[in-house]
1. Would you mind getting me the FRET efficiency between R68 and E14? Use the beta-carbon distance for r and R0 = 35 Å, nearest 0.05.
2. Give me D for region 151-202 in µm² s⁻¹, whole number, from Stokes-Einstein with Rh from the Kirkwood sum over alpha-carbon pairs, 4 °C and 1.567 mPa s.
3. Any chance you could get the radius of gyration and Dmax over the Cα atoms of region 20-80, in Å?
4. Once the dipole of region 141-194 is set up with Lys and Arg at +1 and Asp and Glu at -1 on Cβ about the Cα centre, which of P177, L192, Y167 lies farthest towards its positive end?
5. What FRET efficiency comes out for the pair D39/D190, r = Cβ-Cβ distance, R0 = 25 Å, nearest 0.05?
Amino acid sequence: MKEKPNIAAGQGEEELLRAALMDNSDADDFEFLVNSTADAVYSVALSVVGNPHDAEDAAQETYLKIWRSRGSFRGDCPARNFVLRIARNCALDLIRRRDKRQTSPLTWEDNGGEIRELDLPDTSPDSDPSAAVIRSEENAVIRECFASLPPEMRMILSMREFEGLSYDEIAESLGIPPGTVKSRISRARDKLEKLLRSRNIF
């Protein structure tokens, strides 16, 4: 087994990920890639497909595709972004094949790697149970409306609003111009707002 350098605070990770994407990489290289990106790949897939079972399928397909196409990485973006781009594409392909609409809550991965769910801030007094019920109902409607968006809209909104990526980072990850990113996000926000207004939210 190859001796791997001790990764501290992310130092050297990019080089190791790039090595795992080369056509001469071996099982040890690939194991490092999987261990380093598994949580992010699953989170990205989940934000697109909307349910854990399909997210796991998309994640597995992601790593199969990466393993089979070793050597296709051109090095024109960070290796992690390349992996996550494949994850998003595999998730979108899964939805297209199964041709179904998801209704699961919106989820995303926070900075600590934990899976979170969309929720509204609690601005009402804790002593008001009726307000708590209203907030719960509103949150459920928001999640339903977000989940009813087309997969491409869910994905790009999740990248911007919950992964916290800049327009340039999204553009690089998806391989599209920043202007296209802005227009797609704008259309997705408009669509979501219309859905929420139709359900008397806002």
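1. Efficiency at R0 = 35 Å is approximately 0.95.
2. So the translational diffusion coefficient is about 114 µm²/s.
3. In Å, with Rg to one decimal and Dmax whole: 12.0, 35.
4. About the Cα centre, the residue reaching furthest to the positive side is L192.
5. My answer for the efficiency is 0.20.
Only the coordinates and a few stated rules stand behind these numbers; no lab work does. All of these numbers come straight from a predicted model, not from anything done at the bench. Every residue, glycine among them, receives a Cβ derived from its backbone with ideal geometry; neighbour counts consider all protein chains shown.
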